[in-house]
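Everything below concerns the one structure shown next.
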Amino acid sequence: MARLARAEQHPATTGTTLVVMVGLGVAFLLFMAFLNVVKSGNLLNDSNLLYAALIFYSGAGTLYLGFGVTGTPSYIRFASLATWAGLLANTGAVAHRWYESGHPPFASIYEMLLSFVWTLAVLTLIAEKKFGVKVIGTITMPVAIVGVVLMQLLRTEVHPLVPALQSTWLHVHVTLAMLAYAACALSFALAMMFLIKDKMKTETFLAATSLFGIATYLGVLTRFEKWGGLSVFLARGVRLFVVIPDLGWLMLLALAAVAAPFALYLAWRKSGNQNFISIANRAVFVSILLQVMVLVFFLLRTRDGSYASLDADGLFSTSLAASPFILSGLVGGIFVSLLYLLLLWRRQDLERMLPSAEELDRITYKTIAIAFPLLTLMIAAGAYWANRTWGSYWSWDPKETWAAITWLVYAGYLHMRVTRGWRGRRAAYFAILGFAIVMFTFFGVTYLLPGLHAYA
């Protein structure tokens, strides 16, 4: 009996310890930030408030991860409180930006990210409270953290609106877009939770995690130079590429590390030898360590460096803001790998805290049923605004084209569900694909396929 009592007390003690540690860490970071801003004399601005939001969102993410490692349910409650605190700071940043600029924060990629993260945090708390999906933040908080990190790196200056943006339709169009995109992000998280509850094999998640890492590093290495350098964008009046020596080789090593679990997964599928999966799981842990090293080297090399360019003579200064998508990809790869380890270690605890698979499928459908009309109205408002601004409802601009592709994917989801009765995994795959396209439309098109929406 005494041993049983000690065993029952241990989780509570562990839970209290982690909560206290996270609380002390949050308090320390906030105190240090407060000392820095006191010296500058500028306490309340959207940058400082966003830093506070990042601290709270990171605290929430740590507690969600702590739940995954220990299975202590109380972590979820404190993670929700940290999310609420982050949302309050995020709201202050939105309000300050609105006041400072004189218009809603919709006029640049920085401002749209600000609105997107705020909406995502709101929907996360709604999903936890209304639908009982207590661990939804396990997926949505990493997305919010990556968003806030990107905002810390992007240009934050307030500039007068270009003529094309001086319209009430800007507010209508972007408000609908941010609401729709955040709803799509929530449907993605719900679809992932459904696959867990629907008993999809952990080995399948292993393969998907490895493929995500492979896609990330292959995308980065499209600018790999033959002597081992890595070319990154540099904004200096015109777009240039500067070459960072030796970083490409390190990226290749990381690519091999994230690809190893997938190769072992294929070997397991062919032979049925479970030892391949055991080795693959260890390889995931090793790949995380290597990915962290890559991220550190990238930060050190890219931040305030000076490198030669293949396109022009001389040395050109670099900054992290010049390559936000490489940075977000590296951070995203680490988060996805950590989430896989969470699933590997605590799948039963996660499943116990989730609603039934049928309920998750229904909530995903409801979320997309909300997102789709918002996407439709967004495209309609954008077309009307484009006609007033450029004299044409549709010009096949890259952003317009990919917005239409996004709409078609979600229209396909609803069509197949209503007419063919699609439920379960096929519907979940549609929701995941849709969110991937949303992210490319939101981020990738802005930087990789510039057009009339280049200012966004």
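How much accessible area per residue does the stretch 324-456 have, in Å², with a 1.4 Å probe? Per-residue accessible area for the stretch 324-456 comes out at 45 Å².
Its Cα centre serving as origin, the stretch 306-417 has a Cβ charge dipole (Lys and Arg +1, Asp and Glu -1) of approximately 360 debye. Around the amide H of TRP422, modelled in the peptide plane, lie the amide H atoms of ARG417, all under 5 Å away and 5 or more residues distant in sequence or on another chain. Between the amide H of GLY305 and those of THR318, distances stay under 5 Å, these residues lying 5 or more places away or on another chain, with hydrogens modeled in the peptide plane.
For the stretch 363-449, what's the relative contact order in percent, using C-alpha pairs closer than 8 Å and at least 6 residues apart?
32
Only Lys, Arg, Asp and Glu carry charge here, each on its Cβ (+1 for the first two, -1 for the last two); on that basis the stretch 383-432 has a dipole of about 400 debye about its Cα centre.
Overall, the ratio between the Cα radius of gyration of the stretch 46-122 and 2.2 N^0.38 Å, rounded to two decimals, is 1.23. Taking the Cα centre of the stretch 354-406 as reference, the dipole from Cβ charges on Lys and Arg (+1) and Asp and Glu (-1) amounts to some 220 debye.
Near VAL242, the amide H atoms lying under 5 Å from its own belong to VAL232, LEU234; only residues 5 or more places off or on other chains count, and H is placed 1.01 Å from N. Residues GLU100, GLU359, GLU400, sorted by accessible area with the largest first, give GLU100, GLU359, GLU400 [1.4 Å probe; ligands and nucleic acids excluded].
Calculate the tail of P(r) for the stretch 330-386: the fraction of all Cα-Cα distances greater than 16 Å, expressed in %. Above the 16 Å cut-off, the stretch 330-386 has 68 percent of its Cα pairs.
The values are calculated or read from the model by the stated rules, or taken from the named source; none is laboratory data. Just so it is clear, the structure is predicted and the values come from calculations on it, not from any experiment. Using ideal geometry, Cβ is built from the backbone for each residue, glycine included, and neighbour counts are taken over all protein chains shown. Only protein heavy atoms, including side chains, enter the accessible area calculation; ligands, DNA and RNA are left aside. Shrake-Rupley method; radii C 1.70, N 1.55, O 1.52, S 1.80 Å.
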